[in-house]
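> Dropping the structure in here first, questions after.
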Amino acid sequence: MDSDSKYVDIYSEGTIILPLFEATESQWNRYGRAFAYLLGLMYMFLGVNIIADVFMAAIEVITSKTKKIKIATSNQNGDGGGGGGGASEENTAPHFEELEVKIWNDTVSNLTLMALGSSAPEILLSIIEIIGNGFEPGELGPGTIVGSASFNLLVITAICIVCIPDGESRRIKEINVFACTSFFAVFAYIWLYLVIEVISPNVIEIWESIVTFLFFPLIVLLAFAADKNFWRKQMEMDGDWNQMQDMFAKQKSGSEEDVRHIIE
């Protein structure tokens, strides 16, 4: 075997940027080459960390924006009391209380901007790979997205549970939103398996991409509706409407006692 065979460039297959110096880089010692690549990788990780921090800080500024609204309150001065007999115009004028509320809904911001900020590095990595390979699957493939999602779903959840102090407990405040997002978190893996292995094995068709993308606004809308208790309010409205219909039906039939009973 030739003594220089160990310097033959066998590591450039499937790469996008490397080797930087095609003429000479293949002749480098592989250990020195690995160390140089490691330094470059750490430098890129540092850059991604800086950019991600700035990006997340900008998103937090956007989602923390508030606005002031005025709510009419009852007149606390009564009739003015001032011995003049009637209430003055100042005392009878409506009073407003100024409140500061968030512009962004917490559920929507967590599912859109916050999720985009935390997943931006792996999304960009997957986009760079697919474009660099001429829209052909690479070594990373969907593993960049699935791996990050699995880490968040399993490891982050486990850490949050372990960090609860002994003797204390935590409860999920918005159980409806949690149920909605949990369902889609599991459904995403099922849908990915169906697309890759069942519907069109090893081929991603256009309609599959469009349907997968449309799942995103769907989960945002459903989670927002769950956060606002849309279905519960709708059921209450339907119950009130049915009660009014019963009242009008009893009134039309002339049963005054039944009408009075429904009103009470």
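The values are calculated or read from the model by the stated rules, or taken from the named source; none is laboratory data. Not measured: the values here are computed from a predicted model. Here the Cβ positions follow ideal geometry from the backbone for every residue, glycine too, while neighbour counts run over all protein chains shown. Remember, those area values only see protein heavy atoms, side chains included, never the ligands or the DNA or RNA. Shrake-Rupley method; radii C 1.70, N 1.55, O 1.52, S 1.80 Å.
> Give me the distance in nm between label points sitting 7 Å out from Cα along the Cα-to-Cβ direction at residue 161 and residue 118, one decimal.
1.7 nm
> A further question on this structure: Which of the GluC sites (Glu not before Pro) across segment 129-168 are loop residues per DSSP, with 14 or fewer other Cβ within 10 Å?
139, 168
> Let me ask something else. Using a 1.4 Å probe, what is the accessible area per residue for segment 164-210, in Å²?
79 Å²
> Separate question: If packing is taken as the average number of other Cβ atoms within 10 Å across a peptide's residues, how do 109-122, 35-48 rank, most packed first?
109-122, 35-48
> Going by amide H atoms built from the backbone, whose H comes under 5 Å of the H on residue 95, apart from near neighbours?
Answer set, sorted by chain and number: 73.
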